[in-house]
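Below: one structure, written as structure tokens.
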Amino acid sequence: MIDLERAVSLLRGAQDIEILSHHFPDGDTLGCAAALCRALQLMGKRARCTCADPVSEKYDFLFDEIERQEFPAKFVVSVDVADIKLLGPVLAAKHAGKIDLCIDHHGSHQDFAENSYVDSTAAAACEIIYEVICRLGVVPDQVIAQAVYTGITTDTGCFRYSNTTARTHEIAAQVIRTGIDAGDINRRMFETKTRARLEMERSVLDSIAFYFDARCAVMCISRAMIEASGADEGDLDGLSAIPRQIEGVLVGVTMRERKIGGYKVSLRTQPQVNAAKICAEFGGGGHVAAAGCTIEEDFEPAREKLLAAIGKVLETM
């Protein structure tokens, strides 16, 4: 692990930089990529963003004013990526052993880069990226500001989650001072829904089942649901928060069927339960209240394995 100054120094000396986001991209990984790319381009460097999955329409605006540049990468940095597997199989294979710098905020981070800077106290990786940009000597413009704000607001549930700190609000205040419309970003992220999103919400609500005296709720997102609704990645973003919102639920589980088989699992928990510890049993990780893993099984056996791990925790409470 390196310190923040070393991370900044590496970026200052780098040229032709490729910035990697995790697959199934959310607002934080895309906000990090957009903000850092813009800052590096303002410094006169060539920089581009890469992700295994398409950027959904919901987040397109982050890249509207960032120049699309093509070049052979000489320096590779990943942002908001806790494990190289989260790049997706193709990018993970391509970049294995070739990532020069990783900037992340997950406490369960698995070291995979030549240099890693991880600050698990940051509510969003965009908090770290903002500090990096400022230390690079770049004055954040509105393009950088809206990307940083998007990452922060999405990873904190619009400042509602327990990971929100005074530092979170301070950075949000600083980027708002550039003149961005924070209210518009919040409306895009939390109050604007496509018809496909509404169809998905209806379907996933019908799928919820309760266990352990209703202290655990399991929700399924099947490929059939996605195809029937016509939903894209942006429409699925945030669905995993639904089970934890139910009164009395300590562990909310979302099982999303993958195209290649198996299930991508997202856990959202109340403070009494460590989500990252449960996901670690399946090779995953994340934060105390939000974590994920992948289980290469059909739905029924995958659910039973998850419930067994969750039950061991809940039976002690």
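The values are calculated or read from the model by the stated rules, or taken from the named source; none is laboratory data. Computed from a prediction, not measured in an experiment: that's the story for all the values here. Methodologically, a virtual Cβ is constructed for each residue, glycine included, from the backbone with ideal geometry; neighbour enumeration extends over all protein chains shown. These accessible areas exclude ligands, DNA and RNA; they are computed on the full protein's heavy atoms, side chains included. Shrake-Rupley method; radii C 1.70, N 1.55, O 1.52, S 1.80 Å.
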Inset, instruction - Please find, within the stretch 165-193, the residue that is surrounded by the most Cβ atoms within 10 Å (Cβ to Cβ) out of those that are among the polar types (S, T, N, Q) and under 21 Å from the mean Cα position of the chain (by Cα). - result: THR168
Legend entry - Check on ILE133, within 19 Å of the chain's Cα centre (by Cα), buried (at least 21 other Cβ atoms within 10 Å of the Cβ) and within 16 Å of ILE17 (Cα to Cα): no
Legend entry - Matching option when the condition is surrounded by 16 or more Cβ atoms within 10 Å (Cβ to Cβ), on the phi > 0 side of the Ramachandran plot and out of contact with any strand residue (DSSP E or B) (no Cβ under 8 Å at 6 or more places or on another chain), among GLY44, GLY88, GLY97: GLY88
Legend entry - Criterion violated by ALA123 - all others in (1) touching a residue at least 40 places away in the same chain (Cβ under 8 Å); (2) under 18 Å from ILE19 (Cβ atoms); (3) of a type in the set (A, V, I, L, M) satisfied: (2)
Inset, instruction - Identify the single condition in (1) closer than 28 Å to LEU62 by Cα; (2) surrounded by 18 or more Cβ atoms within 10 Å (Cβ to Cβ) that LEU198 does not satisfy, given that it satisfies every other one. - result: (2)
Inset, instruction - Within the stretch 127-173, track down each residue that is within 15 Å of HIS287 (Cβ to Cβ) and at pLDDT 95 or above. - result: GLU127, ILE128, GLY151, ILE152, THR154, ASP155, THR156, THR164, THR165, THR168
Inset, instruction - Enumerate the pairs (first residue in the stretch 227-249 and under 9 Å from SER56 (Cβ atoms); second residue anywhere and assigned to a loop (DSSP other than H, G, I, E, B) and open to solvent by 50 Å² or more (accessible area, probe 1.4 Å)) with beta-carbon separation below 6 Å, excluding pairs fewer than 6 apart on the same chain, so at least 6 apart or on different chains. - result: ASP235/THR194
Inset, instruction - Determine whether ARG160 is over 16 Å from the mean Cα position of the chain (by Cα), over 16 Å from ILE19 (Cα atoms) and not in a helix (DSSP H, G or I). - result: yes
Inset, instruction - Taking THR254 as the residue in question, decide whether it is over 22 Å from SER203 (Cβ atoms) and at pLDDT 95 or above. - result: no
Inset, instruction - Only residues in the stretch 89-109 that are more than 23 Å from ASP3 (Cα to Cα) and free of Cβ contacts under 8 Å to residues at least 40 places away in the same chain count as the first member; pair them with residues that are among the aliphatic types (A, V, I, L, M) and crowded, with 19+ Cβ neighbours inside 10 Å, Cβ under 7 angstrom, at least 6 apart or cross-chain, and list the lot. - result: ALA92/ILE84
Inset, instruction - Among the candidates PHE299, PHE282, single out the residue that is over 25 Å from THR194 (Cβ atoms), aromatic (Phe, Trp, Tyr) and free of Cβ contacts under 8 Å to residues at least 40 places away in the same chain. - result: PHE282
Legend entry - Condition broken by ALA276, with the remaining ones in (1) hydrophobic (A, V, I, L, M, F, W, C); (2) modelled with pLDDT of 95 or more; (3) open to solvent by less than 20 Å² (accessible area, probe 1.4 Å) satisfied: (2)
Legend entry - Among residues of the stretch 203-237, those that are in a loop (DSSP other than H, G, I, E, B) and surrounded by fewer than 17 Cβ atoms within 10 Å (Cβ to Cβ), counted: 4
Inset, instruction - Look at ALA52 and say whether it is part of a loop (DSSP other than H, G, I, E, B), in contact with a Cys (Cβ under 7 Å, 6 or more places away or on another chain) and either of a type in the set (D, E, K, R) or on the phi < 0 side of the Ramachandran plot (or both). - result: no
Inset, instruction - Please state which one of PHE24, PHE71 is closer than 22 Å to GLY234 by Cβ and either aromatic (Phe, Trp, Tyr) or surrounded by fewer than 17 Cβ atoms within 10 Å (Cβ to Cβ) (or both). - result: PHE24
Legend entry - Which listed residue is within 17 Å of the chain's Cα centre (by Cα), basic (Lys, Arg) and surrounded by fewer than 21 Cβ atoms within 10 Å (Cβ to Cβ), from LYS259, LYS264: LYS264
